[in-house]
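J.: Pasting a structure here, questions to come.
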Amino acid sequence: AARNYLVLLVFAIALSQGTGSVALQHVNYPVKVAFKSCKLVPTMAFSRYIVRDGKRYGVDDYAAALFMCVGLALLSAADLAAHAERDTQAAGLMLLVVAVCSDAVIPNLQEKLLRGLKLPLGSMVVLSNAGSF
């Protein structure tokens, strides 16, 4: 079972890095930062389905995460408005959605490997980084 989760982890790392980099061809850097800053909410949502350790987040946790994401998005949007060099394209936004979702899966898979499957930390780090080259 640990092998399957490691394969998924490596795939998620590669997908996140690849789509995030390619997205920069279609969107400004501040837009990318705003999207990546909002990964907390999907990370919390995915934890319920991937880790399955009974940990639940309350409405106040989700509200705090959402407010933090909105604040970061507004800061990035202000920077974007000040430095509007390139038009934001739908393809770039879709790539960022994929990057954020795969980025949100990564810590949950790592937690599943460490806690649920008792994989040693060193093994998880080495195997996931070696596989994502």
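J.: So is residue 60 modelled with pLDDT under 90, open to solvent by 60 Å² or more (accessible area, probe 1.4 Å) and more than 14 Å from the chain's Cα centre (by Cα) or not?
T.: no
J.: Please find, within region 1-25, the residue that is nearest to residue 108 (Cα to Cα) out of those that are at pLDDT below 90 and among the small types (Gly, Ala, Ser).
T.: 2
J.: A follow-up question, please. Quick one: which helices (runs of 4 or more DSSP H) lie wholly within region 2-52 and hold at least 1 residues that are among the β-branched types (Val, Ile, Thr) and more than 23 Å from residue 63 (Cβ to Cβ)?
T.: Passing ranges, in order: 2-23, 29-37.
The values are calculated or read from the model by the stated rules, or taken from the named source; none is laboratory data. Given the structure is predicted, the values throughout are model-derived calculations rather than measurements. Here Cβ is always computed from backbone atoms with ideal geometry, including for glycine, and neighbour counts include all displayed protein chains. Side chains are part of the model used for accessible areas, which takes the heavy atoms of the whole protein and leaves out ligands, DNA and RNA. Shrake-Rupley method; radii C 1.70, N 1.55, O 1.52, S 1.80 Å.
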